[in-house]
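Below: the structure, in structure tokens.
The values are calculated or read from the model by the stated rules, or taken from the named source; none is laboratory data. Not measured: the values here are computed from a predicted model. Counting neighbours? That spans all protein chains shown, and the Cβs are built from the backbone with ideal geometry, glycine included.
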Amino acid sequence: MIPYFVALLLLGIPLVWIEWTLGRYGGGFEHGTAPGIFHSLLQKNRFIKYFGVIGIFGPFVIFIYYTFIASWTLGYSFYSIKGVLAPLGDQASIQSFLRGYQGLEQNGFFKSIAPAYMFFLITFSLNIFVIYYGIRGGIETLCKIALPVLFCFGIILAIRVLTLGAPDAAKPGWNVGNGLGFLWNPDFGALKSAKVWLAAAGQIFFTLSVGIGVILTYASYLSKGDDVVLSGMTAVSMNEFAEVVLGSSIIIPAAFVFFGPIDIQAIARQGAFDLGFVTMPLILGKLPLSSIFSFLWFALLFLAGVTSSVSLAQPAVAFLEDEFNISRKRAVGIFAAVGFLLCQPAIFFLGRGVVNELDFWGGTFCLVLFGTIETILFVWVFGMDKAWEEIHHGADIRIPRIFKFIIKYVTPVFLLVILGAWFFQEGLPTIFLKGVSEADKPFVLWTRLGLIALFSALAIMVKIAWRKRRKRA
Amino acid sequence: MNIYGWIFLILSWSGILTLGTFCFHRVFSKKEVK
């Protein structure tokens, strides 16, 4: 947790302010996506806008697989309330359930991928419906309902877990206090590990949605006098409340109480994916009224997932609207058609490494790369003094001056170190298909070609949009 | 959980809750500029 809080201070909070300010600044030039926003920073430069392609490409790639994964939570909430999940008492049964649901095997739970596909269609349609009704009618309405409900669910679950005590009288050490200790007891020896720092920085990127390009689009709807300093900090505080206060009170303590100090380490190593769809049903199954708590949990995740997938679609839709002057209705129609087609490989070739490949490029590499680029452009190309003034435009509070130094030097250096270390540790083995089976290689390579084609198509669209803009001018 | 864990948890939670209270207080006490 120490590297997490250091990364929050030196990386997360500065990037939140940078993205909110960049978005608002670009919005003043009627640009709602990264190519236009970067162009407005240095209008004389013809190439700067192409860096912004990453800010549309990344969220679109994440949307392609994220919508399918979000739909699993809807499926799980359905099977929870139906009472199918609760009786599955061991890890092997739930893994089998998940593999059947994903269409990776035919088993006693599922004969085909049809139920999963049906939940995907519902989730995809709901996304398009919300995107169609725009920020105010769609996302704002969804968030006004979904977020308070989500927080209430979270608080109920946290109270339930924190009052578990030590449910097994034979194992008094397996209690909530020690479960919290697993997460909170500082391990000063781990501070020497580069991997721990990288993982903490990666978590901050995901949790604050920085480096994706989505905040740029949302912030572009702000007016010049809107306060990005206070708004950014408020968003950070809410996010930290949800993640650190609520999040740390639910999964890990519950896993510790039910599985003990040895098994929890194996569970933690399995990563978020297994924790979410294999371990959580097991934990929830051990609670009283397990079907209801399980339904609440997955319904909560589904609502959170839809708010995220809707936001991932915004940059692409806003790009079509702003740079090609087409109506929202048409932009959403084009996005829905292309997005639906591109989602299919992620669904039907999930077991062939397609989702891992999409996640690597869209959900990992692009985040760090885009975060680094936007920081350097804002601080070093736009200029730190102008940037500092722009951040404080309309601000109710002043940022402590130490952050001027952090944003100018510490954040870019931290980002470059992360990018370099991550590239050598994880990037190179992935690029050279290390660990990919011979059978999966064609699928991974085709996915890669598809991503190159998508990136090229977006870059060409940026070129066409600017040519049209010049003609109009 | 050991004493350092409790101190770390209490400091973190109170920091987050204080920041949240401060931010929301400023947001809601701010007059809307039309």
Tell me yes or no: at least one residue of region A:192-207 is at pLDDT 85 or above, more than 25 Å from A:Leu162 (Cβ to Cβ) and under 17 Å from the mean Cα position of the chain (by Cα). yes
Every listed condition ((1) more than 9 Å from chain B (Cβ to nearest Cβ); (2) within 30 Å of A:Ala313 (Cβ to Cβ); (3) without any contact (Cβ under 8 Å) to a residue 12 or more places away in the chain) holds for A:Thr234 save (1)
Of the residues in region A:237-255, those that are touching a Gly at 6+ places or on another chain (Cβ under 7 Å) and at the interface with chain B (Cβ under 8 Å from one of its Cβ atoms) come to A:Ser237, A:Met238, A:Phe241
Exercise. Could you please let me know if A:Ile334 is closer than 28 Å to A:Leu419 by Cα and in a helix (DSSP H, G or I)?
Key: no
> Is there a residue in region A:59-70 that is at pLDDT 90 or above and touching a Pro at 6+ places or on another chain (Cβ under 7 Å)?
Replying inline: yes
Conditions (1) under 24 Å from A:Arg398 (Cβ atoms); (2) away from every other protein chain (no Cβ under 11 Å); (3) not in a helix (DSSP H, G or I) -> A:Tyr221 fails only (1)
Residues of region B:1-33 being facing another protein chain (nearest Cβ under 8 Å), closer than 24 Å to A:Val176 by Cβ and not small (Gly, Ala, Ser), in sequence order, are B:Met1, B:Asn2, B:Tyr4, B:Trp6, B:Phe8, B:Leu9, B:Trp13, B:Ile16, B:Leu17
Here the qualifying pairs (Cβ atoms under 8 Å; residues six or more apart or on different chains; first in region A:395-423 and small (Gly, Ala, Ser); second surrounded by 16 or more Cβ atoms within 10 Å (Cβ to Cβ)) come out as A:Ala395/A:Asp227; A:Ala395/A:Val228; A:Ala395/A:Val229; A:Ala395/A:Leu230; A:Ala421/A:Leu198
Looking for something surrounded by 21 or more Cβ atoms within 10 Å (Cβ to Cβ) and either in contact with a Pro (Cβ under 7 Å, 6 or more places away or on another chain) or modelled with pLDDT of 90 or more (or both) - is there at least one such residue anywhere in region A:263-277? no
What do you reckon, is A:Lys386 surrounded by fewer than 16 Cβ atoms within 10 Å (Cβ to Cβ), at pLDDT below 95, assigned to a helix (DSSP H, G or I) and of a type in the set (Lys, Arg)?
-> yes
Out of (1) within 20 Å of the chain's Cα centre (by Cα); (2) outside any loop (DSSP other than H, G, I, E, B); (3) more than 14 Å from every other protein chain (Cβ to nearest Cβ), the one A:Gly211 does not meet is (2)
Selection over region A:157-205 where residues are within 13 Å of chain B (Cβ to nearest Cβ), farther than 18 Å from A:Ile2 by Cα and without any contact (Cβ under 8 Å) to a residue 60 or more places away in the chain yields a count of 1
